[in-house]
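The values are calculated or read from the model by the stated rules, or taken from the named source; none is laboratory data. Owing to the predicted nature of the structure, the values given are computational and were not obtained by experimental measurement. Quick reminder, even Gly has a Cβ in these numbers, built from the backbone with ideal geometry, and neighbours come from all protein chains shown. For accessibility, only protein heavy atoms count, side chains too; no ligands or nucleic acids. Shrake-Rupley method; radii C 1.70, N 1.55, O 1.52, S 1.80 Å.
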Amino acid sequence: MSEKRKSDRRKQEFSSKLKNEDKLSDDSKPAVLVAPQVEQLNCFFDLRTKRGQLLFFIITVLAATLTQCLPKDAITNMLNLTEEQSQCKTETKIIEKIIRSGTTERPKYVIYGRNPSGGHLIHVHNVLQRLGLEQIDNTTDGWDLMWAHDYPYRKLNLHQLKPHQLVNHFPGSGYITNKVDLSTTEIRYVPKAFKLPSEAQEFKDFALRNPAKLFVQKNNQHRHIQIKKPEEIDLSNNETFVQEFIDDPLLVDGYKFDIGVYTVITSIDPLRVYIYKGDVLFRYCPVKYYPFDADNVDKYIVGDDYLPTWEVPALASFYTKLGFGMKESFDAYLRSIGRDPATIWEQVEDAIRLAILSKESLLANILPRYTSKRNFFEMMRFDLVVDNTLRVFLMEANMSPNLSSAHFKPNRLLYEQVIYNFLRLVGVGSDLYRESFRKRTTDAEAMISSLKNIVVHANRCSEAPCAESCAPEECSLCVSCLSGADLKELHSAYREHLNRGDMKRIFPVPKADHLPVDQEKMSAKNRWMSRWFEAKCQTDSSYCY
């Protein structure tokens, strides 16, 4: 017991001594006591001491500040982590979404016609698929583009099309392409024609007044054309009409020819018309015109087995050896014999323009039956002939012109370039990825064309009277006077101008054509559209052509 009490006393004395020593400064502590404490208590990050707590706070603040100053993803990269692997984010930012195309969906097209899979449309399929469209068979729904080889409005109900759906024919386009209707149109480029039997007496009177003229009797729907004397014509046949024959044609190497100009209508009221200027289809009769024989129609009527440009001796060197197209080969030949081809092409454009203008009101009256007039566009081919004085005559317009190179393989390039430029013009071909023709996002639409691209007349619209009223006609293009439909129309016109490629606008008439235009005979909408192109021409010369 005595030994136990001595041991307890020694422990109490030692404990008391430690308490007294703890009151001393660190410098005055015996070395034998300081060493164990540094080892046990004075670690920098020991939060049991004030020093540890202070140092921890300072280092934490410094580390947080340093982290904020580092470049983005520096820590992640040092640790070899991806954003998905890193669980610690020092900040949250709202950024614009990056749009990525991770789907194989494409716009859909459908073919309407008696033989939708026939080889006559192979070049249409080729171009559409190169432009990223996918063919489907369902003509009732799900398509973005309907390519109709036959007129579709007699059998299909297309009155309630969705805004993004497009059809390659206007309702009522037959007013232009119907052979009888076009041939009896009173414009200066169409040879005189008479409907049978309703205009039989008018024909007899005209023939009596012009005994030297020849006439052809034409079937309303098919070729079957042949020269006949007035007394030989069956005036009671209501399947035909009779038309004046152009008996002094311009010849190349002795061959008569016709000219096929591919024409696109993108809008009705306001009217916008373009022609393909990359080339023109020239077709030559397979038999030389002289000595003339009215019984040999191959001398004066172009059939399916026509003589192509590369087989006409005077043109072959330009086309085959020098690489020119049909039009440029013809122009070069004409210049070589001292004649100016520009005379022909000015008339060609004017004839097409006047023919379409003469029928526009008929189409405009039909379009209100449909949900929107913006679902339609049209490509047709106008066929014309030229007489020996270089006077141009318009013969017919083809609603679904031949686009097959089955007869003549070299025509493949012409047809595919025509189709490509046509589809680019109307917005089917696009540089932007899309799954459908449905309207793009607002940002994407603005990227293509925005308000600043279509507004005109900055000074006029900022001053009286336009700054105060929309009543004056000259103020109708000011932005405060434009309706939503007007804005859409101008955006369409602007985008067509951007996408026109090898297409030339012939209406509204380009200012550079120096063609007198009677504004008073135009519809209000056509005057409005013409003024917009004129205003754009003042600030951008590309609109002048």
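Please give the residues of segment 182-207, grouped as numeric ranges, whose backbone N is less than 13 Å from a label point set 7 Å along the Cα-to-Cβ vector of Ser236.
197
Over all distinct alpha-carbon pairs, what is the Kirkwood Rh of segment 312-441 in angstrom?
18.2 Å
Multiply the residue separation of Glu473 and Lys155 by 0.36 nm, subtract the distance between their alpha-carbon atoms, and state the gained length in nm to one decimal. Walk me through the intermediate numbers first.
Numbers: separation 318, 0.36 × 318 = 114.48 nm, distance 4.21 nm.
That pair, Glu473 and Lys155, stretches by 110.3 nm at full extension.
In whole angstrom, note down how far apart the Cα centers of segment 115-156 and segment 473-530 are.
30 Å
How big is the accessible area of Ile275 in square angstrom, nearest 10, if you roll a 1.4 angstrom probe over the protein chains?
Rounded to the nearest 10, the figure is 10 Å².
7 Å from Cα along Cα→Cβ at both Lys452 and Asp304: what's the point-to-point distance in nm?
Taking the simple label geometry, Lys452 and Asp304 are separated by 5.6 nm.
List, in the order given, every pair from Lys179/Lys504; Lys179/Lys228; Lys439/Lys511 whose Cα-Cα distance in the structure shown is over 22 Å.
Exceeds cut-off: Lys179/Lys504; Lys439/Lys511.
So, taking all protein chains as they sit and a 1.4 Å probe, how much accessible area belongs to Met399, in Å² rounded to tens?
Spelled out: Met399, probe radius 1.4 Å, area about 40 Å².
Could you sort Leu156, Leu425 by their accessible area in this structure, using a 1.4 Å probe and putting the largest first?
Leu156, Leu425
Just how far, in whole angstrom, is segment 240-302 from segment 164-216 if you go by their alpha carbon centroids?
Cα centroid to Cα centroid, the span is 16 Å.
Could you give the length gained by full extension between Lys192 and Arg114, i.e. 0.36 nm per residue of separation minus their alpha carbon distance, to one decimal place?
Full extension of this stretch gives 24.7 nm more.
Step through the table entries Lys218/Lys409; Lys359/Lys521; Lys373/Lys452; Lys213/Lys299, compare each Cα-Cα distance with 22 Å, and write down the pairs that go over it.
Lys218/Lys409; Lys373/Lys452
How big is the charge dipole of segment 284-332 about its Cα centre, in debye rounded to the nearest 20, if each Lys and Arg gets +1 on its Cβ and each Asp and Glu gets -1 on its Cβ?
240 debye
Keeping every protein chain in place, order Phe408, Phe324 by accessible area at 1.4 Å, biggest value first, i.e. largest first.
Greatest to least solvent exposure: Phe324, Phe408.
With the cut-off at 1.5 for a/c, could you classify segment 359-510 from its C-alpha gyration tensor as rounded, prolate or oblate?
It comes out prolate by the Cα gyration axes.
Which length gain, in nm to one decimal place, applies between Lys439 and Gln538 when the Cα-Cα distance is subtracted from 0.36 nm times their residue separation? Walk me through the numbers on the way to the answer.
Details: separation 99, 0.36 × 99 = 35.64 nm, distance 3.10 nm.
Going from the current span to full extension adds 32.5 nm.
Can you give the local net charge around Ser436? Use residues other than it whose beta-carbon is closer than 11 angstrom to its beta-carbon, Lys and Arg +1, Asp and Glu -1.
Result for the neighbourhood of Ser436: +3.
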